[in-house]
1. Can you list residues whose amide H is under 5 Å from H105's amide H, if they're 5+ apart or on another chain and H is modeled 1.01 Å from N?
2. Translational diffusion coefficient, Stokes-Einstein: compute it for the chain using the Kirkwood radius over C-alpha pairs as Rh, at 10 °C and 1.306 mPa s, and state it as an integer in µm² s⁻¹.
3. Could you check the simple spin-label distance between L35 and Q84, using points 7 Å along Cα→Cβ, in nm with one decimal?
4. Charges at C-beta only: +1 for Lys and Arg, -1 for Asp and Glu. How large is the resulting dipole of the chain about its Cα centre, in Debye rounded to 20?
5. Pop a pseudo-label 7 angstrom from the Cα along the beta-carbon direction at both K15 and Y101 and give the gap in nm to one decimal.
Amino acid sequence: MHFFFPLKFSLRTVKLRTTLNADKPIRIGSNEWVLVETDADSLGLLDREQPFFMPLERGRTYYFLVQSERDNNAALSVRAVTEQEFLLTAHFGGASKPQAYFLRHKPN
């Protein structure tokens with residue numbers, strides 16, 4: 001999964017907390033590109049300690065843009081986009097190579 005946070009004039013960071021990294025959230029800063037890889041078949045995104053599971057298809061690559069609402073920098077939205085839209089947005093947003101993270105599935 002690729003994430004890009006295209007905000008040039010924000011000091012804000014987004015924390016990606018999942019059931020696989022609850023104690024060490026991945027921080028995505030302004031204009032940063034993050035690659036998250038996992039061997040799990042789903043990713044449990046944590047919101048106030050409540051997990052919301054997103055099923056994952058093995059071998060598929062997902063692309064997401066994290067964006068602030070136009071009139072409210074505090075409100076964020078995340079949307080899935082095509083590879084082409086993601087790469088163009090990252091390129092014109094000035095992103096460098098992605099920071100990679102691997103979230104290992106912990107067997108029961």
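Values quoted throughout were computed directly from the atomic coordinates according to the rules given, and no laboratory measurement underlies them. Just so we're clear, the structure is a prediction, and the values are computed from it rather than from any experiment. Note: ideal-geometry Cβ built from the backbone for every residue, glycine included; neighbour counts use all protein chains shown.
1. D39, A40
2. On the way: Rh = 14.5 Å.
Here the translational diffusion coefficient equals 109 µm²/s.
3. 2.2
4. On the way: 14 positive and 12 negative charges, 56 e Å.
Approximately 260 debye in magnitude.
5. 1.1
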